[in-house]
Structure formats: C-alpha cells, structure tokens
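The values are calculated or read from the model by the stated rules, or taken from the named source; none is laboratory data. Here the structure is a predicted model, which is why all the values come from computation and not from measurement. FYI the Cβ positions are ideal-geometry reconstructions off the backbone, even for glycines, and counts take in every protein chain you see.
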Amino acid sequence: MSEIFEMRRPDDFHLHLREARMLNVVSSYLRPFGRALVMPNTNPPILDAGNVRRYRNNILKASHPYSFEPLMTIQIVEGTRPGTVFEAKEAGAVAGKVYPRGMTTNSENGVLNYRAIYPALEAMQKCGMRACFHGESPDPDVFCLDRETRFLKILKEIAHVFPGLKIVLEHVTTAKAVECVTELPGNVAATITVHHLFLTLDDVVGGKLHPHHFCKPVAKRPEDRAALREAAMSGNPKFFFGSDSAPHLRQDKECASGCAGVFTVPVALSLLVEFFERYGTLNRLEDFCSSFGAEPSGLSATSGWCRRHTTASSRSARARKLPGGWNNPRAFSLGAGHKIGAIFLRFLRLGGSRPCSRLRYPIKTFEISKIDLVE
C-alpha cells in the first residue's frame, strides 16, 4: 500500500469536550475532524437553547484554527418539555442525549422512567432531531455486564412507538446489541468506538487493573468484540463511528474510585486507519467515518467534505508514515501540574499481534500513523 492514504475528512458522532481549560486542551486534537456530535453531560449540563448557544460559542473559540463544526446536543431528562426541544432545535441542536440515571459521568439527573420522556421524544420526531441513547439499564440491581442487553427491550419499545424518530444506540459493546440494531427498522442505528474494537474486559481487569481502559459501558467478551469488528467493517450504514473520547484528569482515573471514560481523540483516527488496513477493508473506512453518520440527518447535503466526490476546495485526512514511529504519551498536559490520562496503547492487541507502545505507518505487527489535515 502507498505510504499516504487519503480519505474524506471524518465526523465523530460521539465526543466529550468538557469545559474551561480542559476544553481548550482537548480541542487542540480536533484538527483531523470536520465535525463532531458534542455530548451535553457537562457540569452544569446542556439542557436548553441558552446552554446550547453558550457552549457552542465556547467550543468555536477553543477550536477556531481548525474549521471545526460542533454538532450540538441537549440532555433529555424526565422534565424536558416539548417546547424546550423545539427551542433547542432553533438554537442549532441536532440531537438529544438520554442517559440512564447514575450509570456514567454526570448522569445523576438521568432517566429512570423512559416513558416519562415520551413527550420529548415525540417533539424530537416532529422536528427531526436525533435521539441518542446511552444504552444501559438504569436499574442498579442489574449486573454491570448485562445492563446493555437489558436496555434493548426499552430500545425496541421506543422504536415501535416512534417509527419516525432517528434513534442511535451509542457505543454498542455486545453482540446482542449489534443483532438488535441490525434487525430493527432503518431509523435505528448505532455508533462504535475505536477502543471497543480493541479492548475486552481482560484488558481492563484481566491481569492488573488498567484504569485508562475503564469506560461505560465496560468492554465485554472477545465474542462481543468480534461482533463489533464485523459490524464496523461490514459496510452496513446502520453502524458508524463515534469515539466516545472522554477525558478525565489523571488523578481522577488513577485512584480508588476512578471515573469511567477513555481519552482517545489524539489517536482515534490513526488507530482506525490501521485497524481497517489490517483486515483488508480500508476501502470501507471512509463510509464508516465520513458518510454513514451524516447522511441520515441530511448533513451531507450542506457539508461538502462528507460527500464521496472531491473538489478543489474540499479537505481530507492524510495519514503519513513517520520516520522512527511515534510514541503515545502516557498523559497530556493541562497546565498547572494537571494532566489528562490517555489510553495506554502498549496494552492494545489486534488479534494475535503483540502489544506495542511505539508504532508507525504502514503496519508490520500493529503500528500507528499520524493524521494530518491537508488542504
């Protein structure tokens, strides 16, 4: 293969940017991405049109050198009114995010009774907003490895009640979830993260504890990972990329009660390039990252870099071989002595290949490229 691979500038349909100083640091790694669906579980959360406008302005200030477009969301809670949905849509929100109560970061105000949000979902169906679900049961008595599977019953009911609602089951982790999304009507889709294409539960707690591999939903069994890999490379437009890159301060990960979230945005696209190449499906990566997530919402009609044809003014992501490889840092500086914990690439395995920390492009065992934006 050529040492340079180009693809349409990708989208990330599940990204956490946080706020304040962390927003500024994380935004510096957004350069390869044209757009991203930005999650609303900040502190305080993004709940209405005013929050959407403020947060969008802050993101644009932090990312202004990179012509990055944030796709805004609001959090849907049990008290969200239909009017709030319509106003958020007018303010530029393209999706509503539903969290199960207490199951992940800043979800204490999440949903327990999903029928209580039906009026909000109906409003989203009317105005064309996506409904994005963190798909785990909010019942604390459900075993953690079974929470996604238990949620599928709720997903099926919502898909039946709202046949015109654009539904996304985010960061799927199980074979049963892949099967469910495949079988449901065309308005139901799913995102797949890059870390769930690599990790199983063994990579989190199988030997020593690796807190930077801990996320929600937690990585599952090898057979679940195999189903995710097959779905990602299948060319099925129901499955597209959402990194769920979720930064936390290092001290909040490496502690007795660590936060859930894997920070992958600096390396996500590089890992995807080499993952798809390793399995001989590089020709499907552009659809997975740049088309399938955008087209159902009509975003491709207004964003040239998501279309398959090229123009003189279009932008693409280019992967270049780096002499001597590239070392993934253990953490990213936030200033004032604070650091953001990063995914530890030396623990990642692709099939039977050995774990690596120093990687380059093109691959031999499993190597990594640096992604640059080219005009």
| Hits in the stretch 66-125 - residues which are surrounded by 18 or more Cβ atoms within 10 Å (Cβ to Cβ), assigned to a loop (DSSP other than H, G, I, E, B) and either basic (Lys, Arg) or modelled with pLDDT of 95 or more (or both) | 76, 77, 80, 99
| remark: Output for Cβ contacts, cut-off 6 Å, separation at least six or different chains, first residue of a type in the set (S, T, N, Q) in the stretch 254-279, second crowded, with 16+ Cβ neighbours inside 10 Å, reads 264/194; 264/195; 264/243; 264/245; 264/343; 270/368; 270/369; 270/371
| note | Looking across the stretch 126-141 at residues that are surrounded by fewer than 23 Cβ atoms within 10 Å (Cβ to Cβ) and more than 21 Å from residue 71 (Cα to Cα), the single one that is farthest from the chain's Cα centre (by Cα) is 141
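Just the residues that are basic (Lys, Arg) and free of Cβ contacts under 8 Å to residues at least 24 places away in the same chain, please, taken from the stretch 53-84. Working first, answer last.
Pass one, the stretch 53-84, residues basic (Lys, Arg): 53-54, 56, 61, 81.
Correct list: 54, 61.
Is it true that some residue in the stretch 2-10 is touching a Cys at 6+ places or on another chain (Cβ under 9 Å) and assigned to a loop (DSSP other than H, G, I, E, B)?
Step one: of the stretch 2-10, the residues touching a Cys at 6+ places or on another chain (Cβ under 9 Å) are 7-10.
So of that shortlist, the ones also assigned to a loop (DSSP other than H, G, I, E, B) come out as 9-10.
Looking through the stretch 2-10, at least one residue is touching a Cys at 6+ places or on another chain (Cβ under 9 Å) and assigned to a loop (DSSP other than H, G, I, E, B).
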| task | Tell me which residues, restricted to the stretch 223-267, are hydroxyl-bearing (Ser, Thr, Tyr), part of a loop (DSSP other than H, G, I, E, B) and in contact with a helix residue (DSSP H, G or I) (Cβ under 7 Å, 6 or more places away or on another chain). | result | 243, 264
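Look through 33, 13 and report the one residue that is in a strand (DSSP E or B), crowded, with 20+ Cβ neighbours inside 10 Å and in contact (Cβ under 8 Å) with a residue 12 or more places away in the chain.
Values: 33 fails: in a strand (DSSP E or B).
Exactly one of 33, 13 is in a strand (DSSP E or B), crowded, with 20+ Cβ neighbours inside 10 Å and in contact (Cβ under 8 Å) with a residue 12 or more places away in the chain, namely 13.
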| task | Give the residue, chosen from 168, 181, 188, that is β-branched (Val, Ile, Thr), modelled with pLDDT of 95 or more, under 15 Å from the mean Cα position of the chain (by Cα) and crowded, with 20+ Cβ neighbours inside 10 Å. | result | 168
